[in-house]
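Right, one structure below, let's go through it.
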């Protein structure tokens, strides 16, 4: 315990936070040593006990506080060498790892006398405390709150940052001059009594504010850890975590991960806790707040927030002030910018709505800066994919609830699914981004700035997302339509991809695929999950995507294709007219801009130019077909076919439609699904992975951007026909590349090269 420095003659008030006889004895012993014969007024840590002592206290009277900090014992579920075992449902019981219940504390100290340590809050004089007091509420209650917060800081010095928790949040927000000022301004704008708005704001804050109760965190993590620890081994890129922890000493962090599974927050929480980060405040949709999980999750740091705020100005004020409070106190936030789990395997377009509340805190000087941390969470395999694939085929999404959770838990703990990879990209300074943006008083300019920031986050996530072995194998199998491949043929597709990734120093976990054993292991695992079918009745086993599992396989493939999109576009460009190649590169950028994250025009030109140079230094005048025939790697048909096929379906249905007939999107997407199935049976589409509601919806977004959806006259009909012709031309070139690749590998006749 730190020594207490008190000036000669100064009175001393010591507030004691002790909840058991054992803790009181420890505090008394420490106090006898600390006070060194001084006269001290010892009181319990509560405002009511301070009313009389403070009323007549000298301004120089020193106030401090004492508490017993309990360090964790050796955790349950760890081996002696510190490696975590697979999660157990028994871990859902309170683990007693930190503060044992009162009756067991003496026994805990008999076993390990070093577990308990008395901590001393930083002292302050009565005059200093009165100077900090805003006048809202009573001074004794304020002093008790300040002592509790100071003890929290002292305790973290013993047990680590993981126990950093917010206290008295609603009271602190309501007492802040910023909140009172904003509330008064809102009351004036809405012409509504301030007391009425204050009551509504307090109710909204009560619904929003999450406690971070260490005991609830223990129970919550113990209860839900088996959902991921039994399914995956966690492989975290920890190189950047030490730097993030150092940055977190000066600035709050906002973790913005990719979203592919319900267990994403559980995985990330375990990684951060293992590296002594405080628990994030995780923003989640209120669809997951069902009983009994919701109340426990809220006490464990989950902030349940409405999916849509509408025009509820009071709720927006509550969210803005809550964010500002948390960030000003250097608490970290976490949410998922995609707005939901990816149904296709690649990142969905980010939503930046919540980001504006963080930007408000920076612009209003409530916090100097906030660092945005892009996080990639990537799974070798994921059981949820089958249900999401079914939804893409038109199945209804099952609502979350207790029975859903029980079913989900049973599936998660059945068999291991490989590895989950967690990687952290370079953090982004929000203050710097806002300073570089346009005038924040211009709503449109500010919105554009935040869109660019969200785009940068998505690019950061993609940059550290590894191409998994599963992704590379499914990329190989989906590229050959209904044909089956031998182990050797899979290797011959995958090895040039690995060379490509290695040459460009792109992240991947497919090194084992350079051996027959590694390829066989991935295929066997996929077969065990029903994604791949194996026929071994011939000379050697051959492998193909199982019937009905193409969308599942595409999910895995799509998690990696952002690394090779530039190469795929360069291949398509080479099949264009040499005098038109740069124009074609930018046409393709526009055609695919709702599917992938492309940089600004100059950076895009540089990247595509680099890929064209790799194909042939004389690419501007070379014969494109000859260049592609010599290329050791062709990917356009494997990477882009499902996306342009989905665009083809939408484009042709729009072209066939009376331009005066309004497009009702749900009905139109159902029409596309039916027609897409017919086109697949006719051989006009490459495979079932293009029959995705989400891909059709993205193609519709492109059509709307091209002003091809709203009803019009004959000019609209011509424009739709022209767009359909453009899409057919791109599909034609993709088919040519498919044929060139098949000929090069002798896959078209099944002969080994």
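The values are calculated or read from the model by the stated rules, or taken from the named source; none is laboratory data. What you see is a predicted model; the values in this text were computed from it and never measured. Here the Cβ positions follow ideal geometry from the backbone for every residue, glycine too, while neighbour counts run over all protein chains shown.
Rundown of residues vs (1) part of a helix (DSSP H, G or I); (2) modelled with pLDDT of 95 or more; (3) on the phi > 0 side of the Ramachandran plot; (4) in the same structural domain as residue 493 (by TED's automatic domain parsing), yes/no style:
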site: 720; (1), (2), (3), (4): yes, yes, no, no
site: 732; (1), (2), (3), (4): yes, yes, no, no
site: 738; (1), (2), (3), (4): yes, no, no, no
site: 742; (1), (2), (3), (4): yes, no, no, no
site: 753; (1), (2), (3), (4): no, no, no, no
Unique match (being part of a loop (DSSP other than H, G, I, E, B) and surrounded by 22 or more Cβ atoms within 10 Å (Cβ to Cβ)) among 539, 595, 571: 595
Residue match in segment 190-201 (condition: free of Cβ contacts under 8 Å to residues at least 60 places away in the same chain, assigned by TED's automatic domain parsing to the domain that holds residue 422 and either crowded, with 17+ Cβ neighbours inside 10 Å or within 30 Å of residue 411 (Cα to Cα) (or both)): no
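To keep it simple, each residue is scored yes or no on (1) surrounded by fewer than 19 Cβ atoms within 10 Å (Cβ to Cβ); (2) at pLDDT 95 or above; (3) under 26 Å from residue 462 (Cα atoms); (4) not assigned by TED's automatic domain parsing to the domain that holds residue 382.
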| position | (1), (2), (3), (4) |
| --- | --- |
| 487 | yes, no, no, yes |
| 490 | no, no, yes, yes |
| 511 | yes, no, yes, yes |
| 514 | yes, no, yes, yes |
| 518 | yes, no, yes, yes |
| 526 | no, no, yes, yes |
All positions within segment 680-701 that are touching a helix residue (DSSP H, G or I) at 6+ places or on another chain (Cβ under 7 Å) and in a helix (DSSP H, G or I): 680, 688, 689, 690, 693, 694, 695, 696, 697, 699, 700
Residues of segment 251-279 classified as closer than 24 Å to residue 357 by Cα and in a loop (DSSP other than H, G, I, E, B), total: 7
Residue 373 vs. criteria farther than 22 Å from residue 557 by Cβ and touching a helix residue (DSSP H, G or I) at 6+ places or on another chain (Cβ under 7 Å): yes
Number of positions in segment 336-347 that are within 30 Å of residue 173 (Cα to Cα) and either surrounded by 23 or more Cβ atoms within 10 Å (Cβ to Cβ) or in contact with a helix residue (DSSP H, G or I) (Cβ under 8 Å, 6 or more places away or on another chain) (or both): 2
Cβ pairs under 8 Å, 6+ apart, first in segment 715-735 and free of Cβ contacts under 8 Å to residues at least 24 places away in the same chain, second buried (at least 16 other Cβ atoms within 10 Å of the Cβ) and in a helix (DSSP H, G or I): none
Selection status of residue 101, under 22 Å from residue 207 (Cα atoms), surrounded by fewer than 16 Cβ atoms within 10 Å (Cβ to Cβ), within 37 Å of the chain's Cα centre (by Cα) and not assigned by TED's automatic domain parsing to the domain that holds residue 303: no
Among (1) within 17 Å of the chain's Cα centre (by Cα); (2) at pLDDT 90 or above; (3) under 22 Å from residue 418 (Cβ atoms) - the single one residue 281 does not satisfy: (3)
Selection status of residue 513, in contact with a helix residue (DSSP H, G or I) (Cβ under 7 Å, 6 or more places away or on another chain), assigned to a loop (DSSP other than H, G, I, E, B) and either in contact (Cβ under 8 Å) with a residue 24 or more places away in the chain or more than 28 Å from residue 736 (Cα to Cα) (or both): no
Qualifying helices (runs of 4 or more DSSP H) (wholly inside segment 338-426; at least 2 residues being at positive phi and modelled with pLDDT of 90 or more): none
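Does residue 171 fit the bill of being out of contact with any helix residue (DSSP H, G or I) (no Cβ under 7 Å at 6 or more places or on another chain) and assigned by TED's automatic domain parsing to the domain that holds residue 262?
No.
Quick one: is residue 371 over 14 Å from the mean Cα position of the chain (by Cα), over 16 Å from residue 447 (Cα atoms) and crowded, with 23+ Cβ neighbours inside 10 Å?
No; evaluated as a whole, the condition is false for this residue.
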Residue count, segment 280-303 (criterion: outside any strand (DSSP E or B), closer than 17 Å to residue 219 by Cα and without any contact (Cβ under 8 Å) to a residue 60 or more places away in the chain): 4
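Yes/no matrix, rows are residues, columns are (1) part of a helix (DSSP H, G or I); (2) buried (at least 24 other Cβ atoms within 10 Å of the Cβ); (3) assigned by TED's automatic domain parsing to the domain that holds residue 503:
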| residue | (1), (2), (3) |
| --- | --- |
| 627 | yes, no, no |
| 633 | no, no, no |
| 637 | yes, yes, no |
| 650 | yes, yes, no |
| 653 | yes, no, no |
| 658 | no, no, no |
| 663 | no, no, no |
| 666 | yes, no, no |
| 669 | yes, no, no |
Pick from segment 721-740, criterion out of contact with any helix residue (DSSP H, G or I) (no Cβ under 8 Å at 6 or more places or on another chain) and within 16 Å of residue 706 (Cβ to Cβ), ranking: surrounded by the most Cβ atoms within 10 Å (Cβ to Cβ): 729
Single residue of 185, 204 found to be assigned to a helix (DSSP H, G or I), buried (at least 17 other Cβ atoms within 10 Å of the Cβ) and not assigned by TED's automatic domain parsing to the domain that holds residue 420: 204
Segment 436-483: number of residues that are surrounded by fewer than 19 Cβ atoms within 10 Å (Cβ to Cβ), in contact with a strand residue (DSSP E or B) (Cβ under 9 Å, 6 or more places away or on another chain) and not in a helix (DSSP H, G or I): 2
